[in-house]
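Taken together, the values in this text are just the output of simple stated rules run on the coordinates, not laboratory data. Being a predicted model, the structure only gives us computed values, none of them experimental. Methodologically, a virtual Cβ is constructed for each residue, glycine included, from the backbone with ideal geometry; neighbour enumeration extends over all protein chains shown.
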Amino acid sequence: MTAEKDLHALLATMHPELREGEYVYALWPHGKPLAGAISAAVREAEGLTVVLPRKEADSLGLSYDFVAAWITLQVHSSLEAIGLTAAVSAALTEAKISCNVLAGFHHDHLLVPVADAERALEVLHELVSANGEHKPAPELVLRSEEPADRPAILALTAAAFAISPASGEHVDGEPEEVKLLARLFECQEYLPAFSIVAELDGEIVGHVISTRGWVGELELLGLGPIGVVPRLQRHGIGTALMNETVARANTAGERGIALLGSPEYYSRFGFVPSTSLGVAPPEAGWAAHFQLLPLAVWPGGVSGTFRYADPFAG
């Protein structure tokens, strides 16, 4: 395969790919034979620098300060190509993301702070789009979920909730939202028309589900979880899923939608504190964040405690 030299072609066709795991830079002990899964090495007058998986460095007792995510630019760039590193570095610099570049024979590799990995991928995808042919932007398709979509939806949800919305901390193991969603797909309160995916260029990039809930005998919808792939969060996909849910609910003659979430965010869709409509949250401690959207056929005079689908009880 011929290596590409043209900068515009390189930027338009590169495919940034995140390598699994965390990587570190470490100084290799002088005189010690190389061992372990070393991914790169640079010899300097002061010693040998190695780049290797963090777990490997820990097992070898090597010290390090910088923990990185490894992104490979999947385009065969010529070693004589001019400007690729500069263009990529400039884009990441503008986004205030530090970057260390390793050039291989076939590809360039970027090591960025692990906390900035998703944002770095987003910046790189934007760089690709800015240098591509002027094609119409891919259309966001909203459609009902199908059983074959579920593995992709669960993977998306795991990524979306890898950082807890409550604590802001990384979640150890599988997020609870993934387990809940898997149970909702199989429960009696599952409503196919209200499990909606957002698809972009054939990739499922967002999902929202609403299942049957009640206040006394009055049937309502209980919304959640809702998730968007991290690299495309704050791009309007969540808003599109919410608007589609509300539109479908009104068309179906639903009375209202309840959810637990940020009042600042969900008020833009017309949600109000549930207690202002006579509806108590399932848990008293939720009062500040439990909200309800009365739809076109909201009956008024409602009083009682909202009850979610059975899987929420777990």
Order of M242, M14 - criterion: other Cβ atoms within 10 Å of each residue's Cβ, fewest first: M242, M14
Crossing angle, helix 84-94 versus the chain [Cα axis fit, 0-90 degrees, rounded to tens]: 50
For the stretch 140-313: rounded, prolate or oblate by the Cα gyration tensor [a/c cutoff 1.5]: prolate
Relative contact order of the chain, pairs being alpha-carbon contacts under 8 Å that are 6 or more residues apart, as %: 13
About the Cα centre, charge dipole magnitude for the chain (Lys/Arg +1, Asp/Glu -1 at Cβ), debye: 360
For the stretch 176-256, size of Cβ-based charge dipole, Lys and Arg +1, Asp and Glu -1, in debye: 160
Rounded D (µm²/s) - the stretch 7-131, Kirkwood Rh over Cα pairs, Stokes-Einstein at 25 °C, 0.890 mPa s: 160
CD proxy at 222 nm, helix term only [per DSSP H run n ≥ 4: -39500 (n - 2.57); per residue of the chain; nearest 500]: -7500 deg cm²/dmol
Volume of the Cα convex hull of the chain, divided per residue and given in Å³: 175
